[in-house]
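**Q** Would you mind keeping the following structure in view while I ask a few things?
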Ligand SMILES: [Zn+2]
């Protein structure tokens, strides 16, 4: 807290404060018992204590000094229903100043879309004239508007230069993925990103098991040594029930296996996001999914009512209706061969004949029709025959474009080294 305040002070104030601190130290170190020194004497005797004729500044003096020529930045938090005019009015600024600031240029238009909770910092002089305005756009960009000599305003965007460092996380699943990932210090965004990267290979809702492990290398962005934000996951490995999946980020923003096959595939493993699935695999052990699948030719995802259900792949809605057995349900045709079926919605989000993209919300989990509780019943058909979506072999992923193959091979080699290094480091740490 104190350090933060100090950081914001101009250098000369810092010097003053540290001077004051040093002076206090001198005062404290001076013994109470002092010897009298001759005022005229220039020579000081060894071992004799002398009074030091110094005036002690009180902390109030310091505060006044700081206030005198410290810039008067004032923060205004954007409230619900706020706009620039309202905030300027609260700050005691005239409508003319609002107008001139809003017309300061293209970048000033960003002030028209301020959201509640954001902050506006204003520097106002004694004549109630705005000198400067600062508005944080992103973690690295700040809009600054300054008054010019001619009493107009000019805008500038202040961009922090970022250095990228690499960090790593590694975890083992004991109860569920979320807990293991949190324990491994992964951020919420990285947890969701990791599940997304492997979402075509692993059913995070039903297929994770105790002992599954993950290993992640991700970027961290710094500005002059100060941590600013997390960056992307650049490499990740997930071992699910003994099977190893590895993903490397390419320059195109997509993930590929180290051999250069896209992680992205025609079908998602699970049409619901794992974070909505309430029970952990420990509870599900009493309901062997394989047996259940044989009994009713589908996979059940127990989830909270209203949980969004995604289209497992790109396709066309061939049925979207209600009946007393299936409740609200949606069928999607994917190319010639595949059909996916989704039953018991509380509400449908698509219409018959509509084209849908993979991951698009097509309805919401419910318990309509013959259902004992809220869950998604999911079926996967190949050439009209029900197949277990968890075990059926699906179309192979596309390889990386030929022109990218060489550069990707270099990236992959480097990333695999990073992944293996993190494993070694973690092993050493856990020893
Ligand atoms: Zn079912």
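The values are calculated or read from the model by the stated rules, or taken from the named source; none is laboratory data. Owing to the predicted nature of the structure, the values given are computational and were not obtained by experimental measurement. All Cβ positions, even for glycine, are placed from backbone atoms using ideal geometry, and neighbour counts span all protein chains on display.
**Q** If you go through the stretch 184-205 one residue at a time, how many are surrounded by 14 or more Cβ atoms within 10 Å (Cβ to Cβ) and in contact with a strand residue (DSSP E or B) (Cβ under 7 Å, 6 or more places away or on another chain)?
**A** At the first step, the residues of the stretch 184-205 found to be surrounded by 14 or more Cβ atoms within 10 Å (Cβ to Cβ) are 184, 186-187, 190-205.
Subsequent filtering for residues that are in contact with a strand residue (DSSP E or B) (Cβ under 7 Å, 6 or more places away or on another chain) retains 184, 186-187, 190, 193-194, 197-198, 201-202, 205.
Residues meeting the conditions: 11.
**Q** Go through (1) at positive phi; (2) touching a strand residue (DSSP E or B) at 6+ places or on another chain (Cβ under 8 Å) for residue 151 and report which single condition fails.
**A** Unmet condition: (2).
**Q** Among the residues of the stretch 244-263, which ones are within 17 Å of residue 218 (Cα to Cα) and buried (at least 18 other Cβ atoms within 10 Å of the Cβ)?
**A** 246, 247, 248, 249, 250, 255, 256, 258
**Q** While we're looking at this one, here's another question. Picking from 233, 228, 191, which residue would you name as being over 21 Å from residue 397 (Cβ atoms) and touching a helix residue (DSSP H, G or I) at 6+ places or on another chain (Cβ under 7 Å)?
**A** Testing whether each residue is over 21 Å from residue 397 (Cβ atoms) and touching a helix residue (DSSP H, G or I) at 6+ places or on another chain (Cβ under 7 Å) leaves just 191.
**Q** State yes or no: is residue 57 surrounded by 12 or more Cβ atoms within 10 Å (Cβ to Cβ), in contact with a strand residue (DSSP E or B) (Cβ under 7 Å, 6 or more places away or on another chain), in a loop (DSSP other than H, G, I, E, B) and at pLDDT below 90?
**A** Here the answer is no, as residue 57 does not meet what is asked.
**Q** To continue, here is another question. Taking only the stretch 301-338 into account, find how many residues are touching a residue at least 12 places away in the same chain (Cβ under 8 Å) and surrounded by fewer than 19 Cβ atoms within 10 Å (Cβ to Cβ).
**A** Residues of the stretch 301-338 that are touching a residue at least 12 places away in the same chain (Cβ under 8 Å), as a first pass: 301-335, 337-338.
Okay, now just the ones that are also surrounded by fewer than 19 Cβ atoms within 10 Å (Cβ to Cβ), so 304-306, 308, 314, 316, 318-319, 321-325, 333, 335, 337.
Going through the stretch 301-338 one residue at a time, the tally reaches 16.
**Q** Taking residue 429 and the conditions (1) more than 21 Å from residue 296 (Cα to Cα); (2) in contact with a strand residue (DSSP E or B) (Cβ under 7 Å, 6 or more places away or on another chain), which numbered condition does it fall short on, given that it satisfies the others?
**A** (2)
**Q** On to the next question. If you check residue 247 against the conditions, is it outside any loop (DSSP other than H, G, I, E, B), more than 23 Å from residue 410 (Cβ to Cβ) and in contact with a helix residue (DSSP H, G or I) (Cβ under 8 Å, 6 or more places away or on another chain)? Walk me through how you get there before you give the answer.
**A** Working: outside any loop (DSSP other than H, G, I, E, B): yes; more than 23 Å from residue 410 (Cβ to Cβ): no; in contact with a helix residue (DSSP H, G or I) (Cβ under 8 Å, 6 or more places away or on another chain): yes.
When the stated conditions are applied, residue 247 does not pass them.
Each row is one residue, and each column tells you yes or no for (1) more than 16 Å from the ligand (Cβ to nearest atom); (2) closer than 22 Å to residue 366 by Cα; (3) under 27 Å from the mean Cα position of the chain (by Cα); (4) at pLDDT below 95.
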{"position": "214", "(1), (2), (3), (4)": "yes, no, yes, no"}
{"position": "224", "(1), (2), (3), (4)": "yes, no, yes, yes"}
{"position": "234", "(1), (2), (3), (4)": "yes, no, yes, no"}
{"position": "246", "(1), (2), (3), (4)": "yes, no, yes, no"}
{"position": "250", "(1), (2), (3), (4)": "yes, no, yes, no"}
{"position": "275", "(1), (2), (3), (4)": "yes, yes, yes, yes"}
{"position": "282", "(1), (2), (3), (4)": "yes, no, no, yes"}
{"position": "290", "(1), (2), (3), (4)": "no, no, no, yes"}
{"position": "297", "(1), (2), (3), (4)": "no, yes, no, yes"}
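**Q** Hey, another quick one. Please verify whether the stretch 316-332 includes one or more residues that are assigned to a loop (DSSP other than H, G, I, E, B), away from the ligand (no atom under 16 Å from the Cβ) and modelled with pLDDT of 95 or more.
**A** There is no residue in the stretch 316-332 that is assigned to a loop (DSSP other than H, G, I, E, B), away from the ligand (no atom under 16 Å from the Cβ) and modelled with pLDDT of 95 or more.
**Q** With the condition kept exactly as written, say whether any residue in the stretch 79-86 is under 16 Å from residue 154 (Cβ atoms) and assigned by TED's automatic domain parsing to the domain that holds residue 144.
**A** no
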